[in-house]
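Input: a single structure, listed below in C-alpha coordinates.
The values are calculated or read from the model by the stated rules, or taken from the named source; none is laboratory data. Just so you know, these numbers come straight off a predicted model, no measurement behind them. Cβ atoms come from the backbone with ideal geometry, glycine included; neighbour counts cover every protein chain shown. Ligands, DNA and RNA are excluded from the accessible area calculation, which covers all protein heavy atoms including side chains. Shrake-Rupley method; radii C 1.70, N 1.55, O 1.52, S 1.80 Å.
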Amino acid sequence: MNEVIGYIVKNHDRYLEELESFLRIPSISTDPEHKADMVKAAEFVVEQLRAAGIQDCEIVPTEGHPIVYGERVDSPDKPTVLVYGHYDVQPVDPLDLWTTPPFEPTVRNGKLFARGASDDKGQLLTHIKSAEAFNKTRGSLPVNLKFVLEGEEEIGSAHLEGFLRENVERLAADTVVISDTALFAEGVPSICYGLRGLAYLQIDVTGPKADLHSGSFGGPVANPAFVLAEILASMKDSNGRITIPHFYDDVVELTVEERKAWAGLPFDRDAYMAELGVDDLNGEAGFTPLEQVWARPTLEVNGLVSGFTGKGAKTVLPSKAMAKVSMRLVPNQDPDKIAKLFEEYVRSVAPKSVHVQVQDLHGGQAWVADLSHPALVTAAEAIEKGFGKRPVFQREGGSIPIVATFTELLKAPTVLLGFGLPDENAHAPNENFDLGNFYRGIQSSAYFFELFGEAGKRAS
Ligand code: BES
Ligand code: MN
Ligand code: MN
(Lines give C-alpha, C1' and ligand atoms only; values in the text may rest on other atoms or scores of the structure.)
(Ligands and ions follow the chains in the order given, each with its own letter.)
Protein backbone atom coordinates (compact mmCIF):
# COMPACT_ATOMS: atom_id res chain seq x y z
CA MET A 1 0.00 0.00 0.00
CA ASN A 2 2.98 2.34 0.45
CA GLU A 3 3.02 3.42 -3.16
CA VAL A 4 -0.72 4.11 -3.16
CA ILE A 5 -0.59 6.15 0.04
CA GLY A 6 2.54 7.88 -1.23
CA TYR A 7 0.73 8.86 -4.40
CA ILE A 8 -2.18 10.29 -2.38
CA VAL A 9 0.16 12.35 -0.22
CA LYS A 10 2.10 13.62 -3.23
CA ASN A 11 -1.08 14.72 -4.96
CA HIS A 12 -2.81 16.53 -2.07
CA ASP A 13 -2.54 19.93 -3.71
CA ARG A 14 -3.97 18.81 -7.04
CA TYR A 15 -6.76 16.91 -5.27
CA LEU A 16 -7.64 20.13 -3.47
CA GLU A 17 -7.62 22.12 -6.72
CA GLU A 18 -9.91 19.60 -8.35
CA LEU A 19 -12.31 19.72 -5.42
CA GLU A 20 -12.29 23.51 -5.74
CA SER A 21 -13.21 23.29 -9.44
CA PHE A 22 -16.06 20.96 -8.52
CA LEU A 23 -17.26 23.40 -5.86
CA ARG A 24 -17.30 26.31 -8.31
CA ILE A 25 -20.23 24.69 -10.11
CA PRO A 26 -23.42 25.90 -8.39
CA SER A 27 -25.33 22.63 -8.59
CA ILE A 28 -28.36 23.60 -6.50
CA SER A 29 -30.85 20.85 -7.28
CA THR A 30 -33.97 22.54 -5.96
CA ASP A 31 -33.58 25.67 -8.12
CA PRO A 32 -34.75 25.34 -11.75
CA GLU A 33 -32.40 28.17 -12.72
CA HIS A 34 -29.46 25.85 -12.06
CA LYS A 35 -30.58 23.05 -14.37
CA ALA A 36 -27.61 23.61 -16.69
CA ASP A 37 -25.21 23.66 -13.73
CA MET A 38 -26.50 20.24 -12.73
CA VAL A 39 -25.44 18.91 -16.13
CA LYS A 40 -22.08 20.66 -15.80
CA ALA A 41 -21.50 19.06 -12.41
CA ALA A 42 -22.45 15.64 -13.79
CA GLU A 43 -19.98 16.12 -16.64
CA PHE A 44 -17.29 17.17 -14.20
CA VAL A 45 -17.84 13.99 -12.19
CA VAL A 46 -17.56 11.87 -15.33
CA GLU A 47 -14.23 13.51 -16.20
CA GLN A 48 -13.00 12.79 -12.70
CA LEU A 49 -14.07 9.15 -12.93
CA ARG A 50 -12.38 8.70 -16.30
CA ALA A 51 -9.17 10.28 -15.02
CA ALA A 52 -9.27 7.78 -12.16
CA GLY A 53 -9.40 4.85 -14.56
CA ILE A 54 -13.15 4.25 -14.24
CA GLN A 55 -13.60 3.92 -17.97
CA ASP A 56 -17.22 2.92 -18.43
CA CYS A 57 -19.12 6.03 -17.55
CA GLU A 58 -22.42 7.41 -18.61
CA ILE A 59 -24.68 10.28 -17.78
CA VAL A 60 -28.15 8.87 -17.37
CA PRO A 61 -30.80 11.51 -18.02
CA THR A 62 -33.92 11.43 -15.83
CA GLU A 63 -37.04 13.58 -15.68
CA GLY A 64 -35.12 15.47 -13.04
CA HIS A 65 -31.35 15.82 -12.80
CA PRO A 66 -28.99 13.28 -14.37
CA ILE A 67 -27.50 10.28 -12.62
CA VAL A 68 -23.82 9.58 -13.17
CA TYR A 69 -22.98 5.91 -13.45
CA GLY A 70 -19.43 4.63 -13.78
CA GLU A 71 -17.89 1.22 -13.40
CA ARG A 72 -14.71 -0.70 -13.71
CA VAL A 73 -15.23 -4.41 -13.46
CA ASP A 74 -11.96 -6.18 -14.21
CA SER A 75 -12.49 -9.61 -12.80
CA PRO A 76 -15.39 -11.71 -11.59
CA ASP A 77 -13.05 -12.99 -8.86
CA LYS A 78 -12.76 -9.63 -7.20
CA PRO A 79 -15.41 -8.45 -4.76
CA THR A 80 -17.44 -5.47 -5.93
CA VAL A 81 -17.85 -2.19 -4.09
CA LEU A 82 -20.59 0.23 -5.10
CA VAL A 83 -19.98 3.85 -4.12
CA TYR A 84 -22.97 6.18 -3.78
CA GLY A 85 -22.79 9.96 -3.35
CA HIS A 86 -24.55 13.13 -4.45
CA TYR A 87 -23.25 16.03 -6.50
CA ASP A 88 -26.20 18.32 -5.79
CA VAL A 89 -26.06 20.92 -3.05
CA GLN A 90 -28.48 22.94 -0.95
CA PRO A 91 -29.44 26.57 -1.67
CA VAL A 92 -27.13 29.22 -0.22
CA ASP A 93 -29.43 31.81 1.33
CA PRO A 94 -28.99 33.84 3.48
CA LEU A 95 -26.12 34.92 1.25
CA ASP A 96 -25.01 37.86 3.41
CA LEU A 97 -23.99 35.51 6.23
CA TRP A 98 -21.25 33.89 4.12
CA THR A 99 -17.77 35.20 4.91
CA THR A 100 -16.68 34.38 1.34
CA PRO A 101 -19.07 33.63 -1.55
CA PRO A 102 -20.50 30.07 -1.51
CA PHE A 103 -19.22 29.13 -4.95
CA GLU A 104 -15.77 30.68 -4.56
CA PRO A 105 -14.01 28.01 -2.51
CA THR A 106 -11.57 29.50 0.01
CA VAL A 107 -9.20 27.83 2.47
CA ARG A 108 -9.05 29.28 5.99
CA ASN A 109 -7.36 27.51 8.92
CA GLY A 110 -7.13 24.20 7.14
CA LYS A 111 -10.81 24.22 6.19
CA LEU A 112 -12.22 24.63 2.72
CA PHE A 113 -15.28 26.91 2.69
CA ALA A 114 -17.90 26.49 -0.05
CA ARG A 115 -21.44 25.16 -0.50
CA GLY A 116 -21.17 21.39 -0.92
CA ALA A 117 -17.63 21.18 0.52
CA SER A 118 -18.55 18.43 2.96
CA ASP A 119 -22.14 17.70 1.82
CA ASP A 120 -21.30 15.95 -0.38
CA LYS A 121 -18.81 16.94 -3.08
CA GLY A 122 -15.68 16.71 -0.94
CA GLN A 123 -16.77 13.43 0.59
CA LEU A 124 -17.76 11.74 -2.66
CA LEU A 125 -14.50 12.79 -4.28
CA THR A 126 -12.49 10.85 -1.67
CA HIS A 127 -13.47 7.56 -3.32
CA ILE A 128 -12.72 8.75 -6.85
CA LYS A 129 -9.31 9.98 -5.71
CA SER A 130 -8.43 6.73 -3.96
CA ALA A 131 -9.41 4.83 -7.11
CA GLU A 132 -7.13 7.15 -9.07
CA ALA A 133 -4.25 6.42 -6.71
CA PHE A 134 -4.57 2.66 -7.30
CA ASN A 135 -4.96 3.08 -11.03
CA LYS A 136 -1.96 5.39 -11.38
CA THR A 137 0.38 3.33 -9.21
CA ARG A 138 -0.66 -0.26 -9.88
CA GLY A 139 -2.66 0.04 -13.05
CA SER A 140 -5.41 -1.95 -11.38
CA LEU A 141 -7.93 -1.76 -8.55
CA PRO A 142 -8.15 -4.21 -5.63
CA VAL A 143 -11.93 -4.45 -6.12
CA ASN A 144 -14.42 -4.01 -8.90
CA LEU A 145 -15.86 -0.54 -8.53
CA LYS A 146 -19.27 0.87 -9.39
CA PHE A 147 -20.24 4.48 -8.83
CA VAL A 148 -23.80 5.77 -8.57
CA LEU A 149 -23.70 9.54 -8.10
CA GLU A 150 -26.96 11.44 -8.16
CA GLY A 151 -28.08 15.05 -8.41
CA GLU A 152 -31.30 14.86 -6.43
CA GLU A 153 -30.39 13.69 -2.93
CA GLU A 154 -31.16 17.06 -1.37
CA ILE A 155 -34.66 17.03 -2.89
CA GLY A 156 -35.63 13.47 -2.02
CA SER A 157 -33.96 11.27 -4.70
CA ALA A 158 -37.19 11.06 -6.70
CA HIS A 159 -35.66 9.54 -9.83
CA LEU A 160 -32.92 7.37 -8.41
CA GLU A 161 -35.15 4.59 -7.17
CA GLY A 162 -36.42 3.85 -10.68
CA PHE A 163 -32.86 3.67 -12.00
CA LEU A 164 -31.87 1.27 -9.23
CA ARG A 165 -34.90 -0.95 -9.82
CA GLU A 166 -34.26 -1.13 -13.56
CA ASN A 167 -30.57 -1.93 -13.11
CA VAL A 168 -30.48 -4.33 -10.20
CA GLU A 169 -28.26 -6.85 -12.01
CA ARG A 170 -25.87 -4.32 -13.40
CA LEU A 171 -25.48 -2.76 -9.97
CA ALA A 172 -24.88 -6.04 -8.14
CA ALA A 173 -22.28 -5.47 -5.43
CA ASP A 174 -20.90 -7.04 -2.27
CA THR A 175 -21.10 -3.80 -0.34
CA VAL A 176 -22.31 -0.22 -0.76
CA VAL A 177 -20.04 2.55 0.53
CA ILE A 178 -21.30 6.04 1.24
CA SER A 179 -19.44 9.02 2.62
CA ASP A 180 -22.14 11.56 3.40
CA THR A 181 -22.14 11.67 7.20
CA ALA A 182 -19.80 13.05 9.87
CA LEU A 183 -17.19 11.86 12.35
CA PHE A 184 -18.57 11.74 15.89
CA ALA A 185 -16.35 14.72 16.72
CA GLU A 186 -13.02 16.20 15.66
CA GLY A 187 -10.45 13.44 16.17
CA VAL A 188 -13.14 10.82 16.86
CA PRO A 189 -13.70 8.89 13.62
CA SER A 190 -16.84 6.83 13.39
CA ILE A 191 -18.86 4.38 11.42
CA CYS A 192 -22.50 5.29 11.11
CA TYR A 193 -24.87 2.35 11.39
CA GLY A 194 -28.24 4.07 11.41
CA LEU A 195 -30.10 6.91 9.71
CA ARG A 196 -33.51 8.35 10.43
CA GLY A 197 -36.28 8.36 7.89
CA LEU A 198 -38.42 11.32 6.93
CA ALA A 199 -41.97 12.37 6.20
CA TYR A 200 -42.28 15.95 4.91
CA LEU A 201 -45.66 17.66 4.60
CA GLN A 202 -47.17 21.07 4.06
CA ILE A 203 -50.31 22.40 5.72
CA ASP A 204 -52.27 25.26 4.13
CA VAL A 205 -55.03 26.81 6.20
CA THR A 206 -57.43 29.18 4.46
CA GLY A 207 -60.04 31.27 6.22
CA PRO A 208 -61.83 34.26 4.68
CA LYS A 209 -61.38 34.72 0.93
CA ALA A 210 -59.18 37.80 1.44
CA ASP A 211 -57.27 39.51 4.24
CA LEU A 212 -59.67 41.42 6.52
CA HIS A 213 -59.60 44.41 8.84
CA SER A 214 -58.89 42.74 12.18
CA GLY A 215 -61.03 45.27 14.04
CA SER A 216 -64.09 44.91 11.89
CA PHE A 217 -63.95 41.13 11.61
CA GLY A 218 -61.75 39.82 14.46
CA GLY A 219 -64.01 37.75 16.70
CA PRO A 220 -66.52 35.89 14.58
CA VAL A 221 -64.08 35.04 11.81
CA ALA A 222 -61.47 32.37 12.56
CA ASN A 223 -57.88 33.49 12.14
CA PRO A 224 -55.93 30.94 10.00
CA ALA A 225 -52.61 31.86 11.64
CA PHE A 226 -54.04 31.13 15.04
CA VAL A 227 -55.79 27.95 13.94
CA LEU A 228 -52.57 26.67 12.38
CA ALA A 229 -50.59 27.54 15.52
CA GLU A 230 -53.10 25.62 17.63
CA ILE A 231 -52.98 22.60 15.37
CA LEU A 232 -49.18 22.58 15.45
CA ALA A 233 -48.97 23.15 19.19
CA SER A 234 -51.34 20.25 19.84
CA MET A 235 -49.01 17.83 18.05
CA LYS A 236 -46.72 17.49 21.08
CA ASP A 237 -47.50 17.07 24.76
CA SER A 238 -45.58 18.52 27.71
CA ASN A 239 -43.21 15.52 27.69
CA GLY A 240 -42.19 16.19 24.11
CA ARG A 241 -44.17 13.16 22.90
CA ILE A 242 -45.95 13.40 19.58
CA THR A 243 -49.71 13.18 20.07
CA ILE A 244 -50.77 11.98 16.61
CA PRO A 245 -52.68 8.73 17.27
CA HIS A 246 -50.74 5.55 16.39
CA PHE A 247 -47.57 7.59 15.63
CA TYR A 248 -45.37 5.37 17.82
CA ASP A 249 -47.00 2.05 16.92
CA ASP A 250 -44.13 0.69 14.80
CA VAL A 251 -41.17 2.31 16.58
CA VAL A 252 -38.36 -0.13 17.39
CA GLU A 253 -37.21 0.69 20.91
CA LEU A 254 -33.56 1.21 21.78
CA THR A 255 -31.79 -1.79 23.22
CA VAL A 256 -30.13 -1.72 26.62
CA GLU A 257 -26.74 -2.36 24.94
CA GLU A 258 -27.12 0.60 22.60
CA ARG A 259 -28.09 2.93 25.42
CA LYS A 260 -25.07 1.77 27.40
CA ALA A 261 -22.68 2.15 24.47
CA TRP A 262 -23.95 5.65 23.63
CA ALA A 263 -23.74 6.75 27.25
CA GLY A 264 -20.01 6.02 27.00
CA LEU A 265 -19.43 8.34 24.03
CA PRO A 266 -17.67 11.63 24.75
CA PHE A 267 -20.77 13.84 24.64
CA ASP A 268 -20.53 17.10 26.57
CA ARG A 269 -23.96 18.60 27.16
CA ASP A 270 -22.68 22.05 28.14
CA ALA A 271 -20.32 22.28 25.20
CA TYR A 272 -23.17 21.18 22.93
CA MET A 273 -25.45 23.94 24.23
CA ALA A 274 -22.69 26.55 24.04
CA GLU A 275 -21.83 25.54 20.48
CA LEU A 276 -25.48 25.95 19.46
CA GLY A 277 -26.07 29.11 21.46
CA VAL A 278 -28.99 27.74 23.47
CA ASP A 279 -29.50 27.97 27.24
CA ASP A 280 -31.29 24.68 27.73
CA LEU A 281 -32.31 21.53 25.90
CA ASN A 282 -35.70 19.94 25.65
CA GLY A 283 -37.11 17.07 23.62
CA GLU A 284 -38.74 13.82 24.57
CA ALA A 285 -38.52 13.15 28.31
CA GLY A 286 -36.56 10.09 29.37
CA PHE A 287 -34.03 10.14 26.52
CA THR A 288 -30.55 11.67 26.28
CA PRO A 289 -29.79 14.12 23.45
CA LEU A 290 -27.95 11.43 21.46
CA GLU A 291 -30.87 9.05 21.90
CA GLN A 292 -33.31 11.75 20.86
CA VAL A 293 -31.38 12.51 17.67
CA TRP A 294 -30.34 9.01 16.65
CA ALA A 295 -33.16 6.75 17.69
CA ARG A 296 -36.34 8.66 18.50
CA PRO A 297 -38.80 10.11 16.01
CA THR A 298 -39.35 13.87 16.11
CA LEU A 299 -41.65 16.45 14.59
CA GLU A 300 -40.36 19.86 13.52
CA VAL A 301 -41.83 22.95 11.94
CA ASN A 302 -39.44 23.89 9.12
CA GLY A 303 -41.22 27.05 8.12
CA LEU A 304 -44.28 29.04 9.04
CA VAL A 305 -45.78 32.03 7.23
CA SER A 306 -48.92 34.06 7.54
CA GLY A 307 -50.20 37.60 7.58
CA PHE A 308 -48.26 40.80 7.94
CA THR A 309 -44.52 40.31 8.47
CA GLY A 310 -43.22 43.67 7.27
CA LYS A 311 -41.87 46.57 9.34
CA GLY A 312 -44.18 48.29 11.78
CA ALA A 313 -47.73 47.28 12.58
CA LYS A 314 -50.70 46.49 10.40
CA THR A 315 -54.03 45.40 11.82
CA VAL A 316 -55.03 42.53 9.64
CA LEU A 317 -56.76 39.18 9.92
CA PRO A 318 -54.91 37.06 7.37
CA SER A 319 -56.72 34.94 4.85
CA LYS A 320 -54.10 32.18 4.79
CA ALA A 321 -51.44 30.46 6.85
CA MET A 322 -48.93 27.85 5.78
CA ALA A 323 -46.52 25.53 7.59
CA LYS A 324 -43.90 23.07 6.37
CA VAL A 325 -43.62 20.21 8.82
CA SER A 326 -41.24 17.27 8.82
CA MET A 327 -41.07 14.22 10.98
CA ARG A 328 -37.83 12.26 11.38
CA LEU A 329 -38.64 8.59 11.60
CA VAL A 330 -36.92 5.55 13.04
CA PRO A 331 -37.04 1.86 12.23
CA ASN A 332 -39.74 0.50 11.47
CA GLN A 333 -41.94 3.53 10.85
CA ASP A 334 -43.30 3.76 7.34
CA PRO A 335 -43.22 7.27 5.84
CA ASP A 336 -46.44 6.82 3.82
CA LYS A 337 -48.32 5.50 6.81
CA ILE A 338 -47.02 8.35 8.98
CA ALA A 339 -48.00 10.93 6.34
CA LYS A 340 -51.53 9.49 6.38
CA LEU A 341 -51.77 9.54 10.16
CA PHE A 342 -50.55 13.14 10.10
CA GLU A 343 -53.15 14.21 7.56
CA GLU A 344 -55.94 12.40 9.41
CA TYR A 345 -54.92 14.09 12.62
CA VAL A 346 -54.89 17.58 11.07
CA ARG A 347 -58.33 16.99 9.58
CA SER A 348 -59.71 15.66 12.85
CA VAL A 349 -58.71 18.75 14.84
CA ALA A 350 -59.25 21.50 12.25
CA PRO A 351 -62.34 23.60 12.98
CA LYS A 352 -65.08 23.96 10.35
CA SER A 353 -64.41 27.70 10.19
CA VAL A 354 -61.32 27.16 7.99
CA HIS A 355 -60.39 25.10 4.97
CA VAL A 356 -57.35 22.86 5.38
CA GLN A 357 -55.15 21.31 2.73
CA VAL A 358 -52.38 18.81 3.52
CA GLN A 359 -49.76 17.87 0.95
CA ASP A 360 -47.25 15.05 1.24
CA LEU A 361 -44.01 16.48 -0.22
CA HIS A 362 -41.55 13.62 0.19
CA GLY A 363 -40.37 10.91 2.46
CA GLY A 364 -37.88 8.18 3.10
CA GLN A 365 -37.41 5.09 5.20
CA ALA A 366 -35.12 4.92 8.23
CA TRP A 367 -32.26 2.47 8.11
CA VAL A 368 -30.09 0.51 10.51
CA ALA A 369 -27.16 -1.74 9.59
CA ASP A 370 -26.51 -5.30 10.59
CA LEU A 371 -23.54 -4.63 12.87
CA SER A 372 -22.26 -8.18 12.66
CA HIS A 373 -21.50 -8.00 8.94
CA PRO A 374 -17.81 -8.47 8.01
CA ALA A 375 -17.92 -5.40 5.73
CA LEU A 376 -18.29 -3.26 8.85
CA VAL A 377 -15.31 -4.92 10.47
CA THR A 378 -13.27 -4.20 7.33
CA ALA A 379 -14.51 -0.60 7.36
CA ALA A 380 -13.44 -0.19 10.98
CA GLU A 381 -9.95 -1.43 10.13
CA ALA A 382 -9.75 0.93 7.16
CA ILE A 383 -10.78 3.92 9.28
CA GLU A 384 -8.26 2.94 11.92
CA LYS A 385 -5.49 2.95 9.32
CA GLY A 386 -6.66 6.16 7.66
CA PHE A 387 -7.25 8.15 10.86
CA GLY A 388 -4.83 6.42 13.22
CA LYS A 389 -7.69 5.76 15.66
CA ARG A 390 -10.35 3.12 16.10
CA PRO A 391 -13.75 4.40 15.05
CA VAL A 392 -16.72 4.57 17.39
CA PHE A 393 -20.07 3.26 16.18
CA GLN A 394 -22.80 5.80 16.00
CA ARG A 395 -26.07 6.58 14.32
CA GLU A 396 -27.12 9.86 12.68
CA GLY A 397 -30.27 11.90 12.98
CA GLY A 398 -30.25 12.92 9.31
CA SER A 399 -31.58 10.96 6.38
CA ILE A 400 -30.24 9.49 3.17
CA PRO A 401 -33.50 8.04 1.90
CA ILE A 402 -31.99 5.87 -0.83
CA VAL A 403 -29.96 3.78 1.64
CA ALA A 404 -32.96 1.65 2.60
CA THR A 405 -33.62 1.06 -1.11
CA PHE A 406 -30.02 -0.07 -1.70
CA THR A 407 -30.36 -2.56 1.13
CA GLU A 408 -33.66 -3.84 -0.19
CA LEU A 409 -32.57 -4.18 -3.83
CA LEU A 410 -28.92 -5.16 -3.70
CA LYS A 411 -29.14 -7.23 -0.51
CA ALA A 412 -25.63 -6.00 0.27
CA PRO A 413 -24.51 -4.32 3.48
CA THR A 414 -24.11 -0.54 3.36
CA VAL A 415 -21.14 1.06 5.07
CA LEU A 416 -21.33 4.73 5.99
CA LEU A 417 -17.86 6.21 6.26
CA GLY A 418 -18.40 9.81 7.34
CA PHE A 419 -15.54 12.24 6.82
CA GLY A 420 -17.39 15.46 7.67
CA LEU A 421 -17.59 17.11 11.08
CA PRO A 422 -20.80 17.89 12.98
CA ASP A 423 -19.99 21.62 12.99
CA GLU A 424 -19.19 22.09 9.30
CA ASN A 425 -22.42 24.00 8.63
CA ALA A 426 -24.02 21.63 6.16
CA HIS A 427 -27.12 23.32 4.63
CA ALA A 428 -26.11 26.58 6.36
CA PRO A 429 -23.93 29.60 5.57
CA ASN A 430 -20.15 29.00 5.65
CA GLU A 431 -20.29 25.28 4.94
CA ASN A 432 -16.77 23.90 5.12
CA PHE A 433 -14.74 20.72 5.00
CA ASP A 434 -11.67 19.99 7.08
CA LEU A 435 -8.83 19.30 4.66
CA GLY A 436 -7.10 16.94 7.08
CA ASN A 437 -10.24 14.82 7.06
CA PHE A 438 -10.43 15.08 3.25
CA TYR A 439 -6.96 13.54 2.96
CA ARG A 440 -7.55 11.01 5.74
CA GLY A 441 -10.81 10.16 4.02
CA ILE A 442 -9.04 9.42 0.74
CA GLN A 443 -6.60 7.16 2.57
CA SER A 444 -9.38 5.41 4.47
CA SER A 445 -11.17 4.78 1.20
CA ALA A 446 -7.98 3.30 -0.26
CA TYR A 447 -7.50 1.03 2.75
CA PHE A 448 -11.12 -0.03 2.56
CA PHE A 449 -10.82 -1.03 -1.11
CA GLU A 450 -7.57 -2.87 -0.39
CA LEU A 451 -8.82 -4.71 2.70
CA PHE A 452 -12.17 -5.52 1.15
CA GLY A 453 -10.36 -6.94 -1.88
CA GLU A 454 -8.22 -9.15 0.36
CA ALA A 455 -11.19 -10.29 2.44
CA GLY A 456 -12.99 -11.22 -0.77
CA LYS A 457 -10.03 -13.29 -1.92
CA ARG A 458 -9.92 -15.14 1.39
CA ALA A 459 -13.66 -15.84 1.23
CA SER A 460 -13.54 -17.42 -2.22
N1 BES B 1 -25.70 14.26 4.08
C2 BES B 1 -27.03 14.50 4.51
C3 BES B 1 -27.54 13.42 5.45
C4 BES B 1 -27.03 13.61 6.84
C5 BES B 1 -27.53 14.65 7.61
C6 BES B 1 -26.11 12.78 7.36
C7 BES B 1 -27.06 14.85 8.89
C8 BES B 1 -25.63 12.98 8.63
C9 BES B 1 -26.11 14.01 9.40
C10 BES B 1 -27.96 14.56 3.30
O11 BES B 1 -27.38 15.28 2.23
C12 BES B 1 -29.19 15.30 3.68
O13 BES B 1 -29.13 16.47 3.94
N14 BES B 1 -30.32 14.61 3.66
C15 BES B 1 -31.59 15.22 3.80
C16 BES B 1 -32.57 14.30 3.15
C17 BES B 1 -33.85 14.93 2.72
C18 BES B 1 -33.68 16.13 1.84
C19 BES B 1 -34.72 13.91 2.04
C20 BES B 1 -31.90 15.43 5.27
O21 BES B 1 -31.49 14.65 6.12
O22 BES B 1 -32.58 16.43 5.57
MN1 MN C 1 -25.46 14.70 1.89
MN1 MN D 1 -27.58 17.44 2.68
Would you list, by chain and number, the lysines whose Cα falls below 24 Å from the Cα of Lys111, excluding same-chain residues fewer than 8 positions away?
-> Lys10, Lys121, Lys129, Lys385, Lys389
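Out of the DSSP beta bridges found with both residues in the chain, what percent are antiparallel (nearest 5)?
Working: 51 of 71 bridges.
Of all bridge pairs located within the chain, approximately 70 percent are antiparallel.
In whole percent, what relative contact order does segment 200-289 give with Cα contacts below 8 Å and a gap of six or more residues? Mind showing how you got there, number by number?
Numbers: 30 pairs, mean separation 21.7, N = 90.
Rounded, it is 24 percent for segment 200-289.
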Radius 15 Å from Cβ of Gly277, net charge of other residues (Lys, Arg +1; Asp, Glu -1) = -4
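At 0.36 nm per residue, and after removing the present C-alpha to C-alpha distance, how many nm does the segment from Ser238 to Val73 gain when stretched out fully? Show your work: numbers first, answer last.
Details: separation 165, 0.36 × 165 = 59.40 nm, distance 5.60 nm.
Between Ser238 and Val73, full extension yields 53.8 nm more.
Where in the chain lies the longest segment free of GluC sites (Glu not before Pro) that are both loop residues by DSSP (not H, G, I, E, B) and have at most 13 other Cβ atoms within 10 Å?
Numbers: sites that count: Glu63, Glu169, Glu186, Glu253.
The segment 254-460 is the longest one with no such site.
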Sequence-distant residues sharing a close amide H with Val177 (under 5 Å, placed H) = Leu82, Val83, Tyr84, Val415
Amide H to amide H under 5 Å from Leu198: which residues, 5+ apart in sequence or cross-chain, H placed 1.01 Å off N in plane?
-> Leu329, Gly364, Gln365, Ala366
SASA check, Trp367, accessible area w/ 1.4 Å probe, all protein chains in place, rounded to nearest 10 Å², comes out at 20 Å²
Potential extension, Val107-Leu281 segment - 0.36 nm per residue separation minus Cα distance | 59.3 nm
List the trypsin sites (Lys or Arg not before Pro) in segment 364-460 that DSSP assigns to loop (not H, G, I, E or B) and whose Cβ has at most 11 other Cβ atoms within 10 Å. Which are they?
-> Lys411
With all protein chains present, segment 342-460 has a carbon and sulfur share of its accessible area (1.4 Å probe) in percent of 50 percent
When the helices in the chain are scored as -39500 (n - 2.57) per DSSP H run of 4 or longer and the sum is shared across all residues, what 222 nm value do you end up with, to the nearest 500 deg cm²/dmol?
-> -11000 deg cm²/dmol
In Hz, Karplus ³J(HN,Hα) per residue of segment 406-419 (6.51, -1.76, 1.60; θ = phi - 60°; x = Gly, Pro) = 4, 4, 5, 7, 8, 6, 10, x, 9, 10, 9, 9, x, 10
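Quote the relative contact order of segment 18-135 in percent (integer), defining contacts as alpha-carbon pairs under 8 Å separated by 6+ residues.
Working: 156 pairs, mean separation 34.5, N = 118.
This gives 29 percent for segment 18-135.
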Percent carbon-and-sulfur accessible area, segment 64-210, ignoring ligands, DNA and RNA, probe 1.4 Å = 50 percent
For Ile28, residues with placed amide H under 5 Å, excluding near neighbours = Val89
What is the spin-label model distance, in nm, from Glu186 to Met1 if the labels are put 7 Å beyond Cα along the C-beta direction?
-> 2.6 nm
In range of the label at Tyr248: residues from segment 290-318 whose backbone nitrogen is under 19 Å from the point 7 Å along Cα→Cβ | 290-300
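For the chain, report the accessible area per residue in Å² (1.4 Å probe, heavy atoms, rounded to an integer).
Details: 20320 Å² over 460 residues.
About 44 Å² of surface per residue is accessible.
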Output the relative contact order of segment 262-398, whole-number percent, from Cα pairs under 8 angstrom with separation of 6+ residues.
-> 21 percent
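So if each residue of separation counts as 0.36 nm, and I subtract the Cα-Cα distance between His12 and Gln55, what length gain in nm does that give? Please list the in-between numbers first.
Details: separation 43, 0.36 × 43 = 15.48 nm, distance 2.30 nm.
Extra length available between His12 and Gln55 comes to 13.2 nm.
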Give, rounded to the nearest 20 debye, the magnitude of the charge dipole that segment 133-220 has about its Cα centre when Lys and Arg contribute +1 at Cβ and Asp and Glu contribute -1 at Cβ.
-> 280 debye
